[in-house]
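The values are calculated or read from the model by the stated rules, or taken from the named source; none is laboratory data. For clarity, every value in this text was computed on a predicted model and none was experimentally measured. Cβ placement follows ideal geometry from the backbone for every residue including glycine, while neighbour counts extend to all protein chains displayed. For the accessible areas, the whole protein counts, side chains as well, though only heavy atoms, and no ligand, DNA or RNA atoms are used. Shrake-Rupley method; radii C 1.70, N 1.55, O 1.52, S 1.80 Å.
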Amino acid sequence: MKVKGSNYTIEQLDLSVKPEKIDEKYKYLYEYSTVDEGSGYLGHPDSVLLKDGRILTVYPQGHGKGAILSAISDDGGLSYTDKLKRTPESWKKSRETPTVYRLEFSDRPDRLILISGNPRWGMEPTTGGFNCSVSTNEGKSWSEFKLFYSKNDRYICIPIVAMASLTRLKENGVFVDKWMGLFHDSVFHNYKTILTLDANDVPHWSKPVRYFRKYRRIEKKSNMCEVECVRSDKGQGNELCLITRSNSKKVNTMLSFSSDEGKTWSAPVYAPSSLNGERHKAEYLPDGRLFITFRSIERDEEKIKKYSSAKSRPWYSEGWVAWVGTFDDLKNGTEGQYRIKIAHTYLPQQNAPETEANADTGYCGNVILNDGTVVTSTYGIFSPDKDENGNRKTFIVSKRINLHDTDELIEMLKGQKL
């Protein structure tokens, strides 16, 4: 597939500007809820759906490093009015983007796990390794951080975005109580480590190993990182697909496949341009389609000339977007069904939504409600308004999207009725 100058060809539904004449039932798609806001930097949320239907969202008070903050929605993402009552003291010293996952077991209740790495920030000292905190009661309380593979261990790692994905594994075609976690380091070596929990709910991780060593030339050129892992057949199948971020921006997002539970991977290939971007987060919908959010990276040469705020670079961003398609689209390299621009993230000079957007967004927390509604949350500058110091505020925001409604709007868009 052509890389430079390529552009997606499927329709993109823009939810950043509400049309004047729009049916009342669609209006919610153009609105969002504020999870948190501030004059400082807020970023990188992740979310998990609790058994009682509430949504827990966690995020750092800063760019990566910073105390882990939390917010809870009791009404399916319409509002966020609560926070965790008790959080571990160790969460205040988090140095990375927190990620949170539900662990489903074969013979005991679910657990939640929160993970935060210890990367190196400039010349600051770091312990290295990554921290884990476990909840056995649906987030009501959490264990203090337990540190793995730090400078005090025989084996040390300096992870970034740990774990970018966490995938339950199978043995002999049956799910077992093991999970494959993926992360990368500062020179873009990509690692996997296997998680188990003992009878006392203490996590144990295998020694991280480089799973793309065979493809180091591709990995290095791409600066491959922040990989999402998607299992086939609505998350029940026997094939895994990796969706990578290409941090060098010299090449597009790449895909790789495994049919042996991540022991070996196929040679990475370019994803369709419709999926080109950073920090993909994927969830299956009840109808079997995939909803994948990411920070868009676009390469259309004519639009770069027209829109890009940095003319010297070969890309621009449309901001916070989502892709709707199937696992077969990933497998076959086809573009998918359609894309969604979820909301506009403002560049410094902008006072209204435009095609080009601020790329400092993404890292979404996605959950699927029982009725199939997606609740997706991210960070960014979602308003041109400024605070008392003349700075634009950063927000954590949440949006509800039911694809029955976006399917209808896409058909209207194709018929030029929108």
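Hey, for a label at K306 modelled as a point 7 Å past Cα toward Cβ, could you say which residues of the range 337-356 have their backbone N under 17 Å away? Counting only backbone N, you get 353-356.
Overall, the range 294-373 carries a charge dipole of about 280 debye about its Cα centre when +1 sits on the Cβ of Lys and Arg and -1 on the Cβ of Asp and Glu, all other atoms neutral. Taking every DSSP helix (H) stretch of at least 4 residues in the chain, weighting each as -39,500 (n - 2.57) and dividing the sum by the residue count yields a mean residue ellipticity at 222 nm of -2000 deg cm²/dmol.
Pairs from the list K214/K250; K93/K399; K65/K303; K83/K249; K331/K393 with a Cα-Cα gap above 31 Å: K65/K303; K83/K249; K331/K393.
Give the label of the value calculated from the structure for Cα extents along the principal axes in Å, choosing from [x] 163, 71, 34; [y] 59, 46, 45; [z] 61, 52, 37. After the calculation, the listed value that fits is [y]. Sites listed here are trypsin sites (Lys or Arg not before Pro) in the range 112-215 whose DSSP assignment is loop and whose Cβ has at most 15 other Cβ atoms within 10 Å: R120, K140, K151, R154. Both radii were evaluated on the Cα set of the range 312-376; the Rg over Rh quotient, with Rh as the Kirkwood radius, amounts to 1.04.
Each of S70, G43, P119 was placed along the dipole of the range 32-141 (beta-carbon charges, centred on the mean Cα), and the one lying farthest toward the positive end is P119. In this structure D329 has an accessible area near 30 Å², from a 1.4 Å probe over the protein heavy atoms. Expressed as a whole percentage, what fraction of the accessible surface of the chain belongs to carbon and sulfur atoms when a 1.4 Å probe is rolled over the protein heavy atoms? Within the chain, the accessible surface is 49 percent carbon and sulfur. In this simple spin-label approximation, K221 and D107 carry label points 7 Å from Cα along the Cα→Cβ vector, and these lie 4.9 nm apart.
Does the range 70-141 come out rounded, prolate or oblate by the C-alpha gyration tensor, with a ≥ b ≥ c the root eigenvalues, rounded set by a/c under 1.5 and, if not, prolate when a/b is larger than b/c and oblate if not? Judged from the Cα gyration tensor, the range 70-141 comes out oblate (a/c at least 1.5, b/c at or above a/b). From the square roots a ≥ b ≥ c of the eigenvalues of the alpha-carbon gyration tensor of the range 205-351, which class results: rounded (a/c under 1.5), prolate (a/b over b/c), or oblate? Note, shape of the range 205-351 comes out oblate. Ranked by solvent-accessible area (1.4 Å probe, protein heavy atoms only, all chains present), the residues Y338, Y30, Y155 order from largest to smallest as Y155, Y30, Y338. Per the Kirkwood formula applied to alpha carbons, the range 284-414 shows a radius of gyration over Rh ratio, Rg over Rh, of 1.00. Taken about its Cα centre, the chain carries a charge dipole of about 1760 debye when Lys and Arg each add +1 at the Cβ and Asp and Glu each add -1 at the Cβ.
Lysine pair count for the range 119-213 with Cα-Cα distance under 20 Å and sequence separation of 8 or more or different chains is 11. Gain on full extension, evaluated as 0.36 nm per residue between D75 and D371 minus their Cα-Cα distance, stands at 105.2 nm. Judged by the gyration tensor of its Cα atoms, with axes a ≥ b ≥ c, the range 128-220 is oblate; a/c meets the 1.5 cut and b/c is at least as large as a/b. Our note on the geometry: Cα centres of the range 117-190 and the range 355-381, 23 Å apart. The magnitude of the dipole of the range 114-205, with charges of +1 and -1 set on the Cβ of Lys/Arg and Asp/Glu and taken from the Cα centre, is near 180 debye. Rolling a 1.4 Å probe over the protein heavy atoms gives the chain an accessible area of 43 Å² per residue. The calculated pair-distance distribution of the range 21-136 uses every alpha carbon pair, bins of 5 angstrom beginning at 0, and gives 2, 10, 18, 20, 18, 13, 9, 6, 3, 1, 1, 0 percent.
Counting only protein heavy atoms and using a 1.4 Å probe, the accessible area of V176 comes to about 30 Å².
May I ask for the distance between the Cα centers of the range 3-68 and the range 209-288, given as a whole number of Å? That distance is 23 Å.
The simple spin-label model puts a point 7 Å past each Cα toward its Cβ; for L169 and E124 those points are separated by 3.3 nm.
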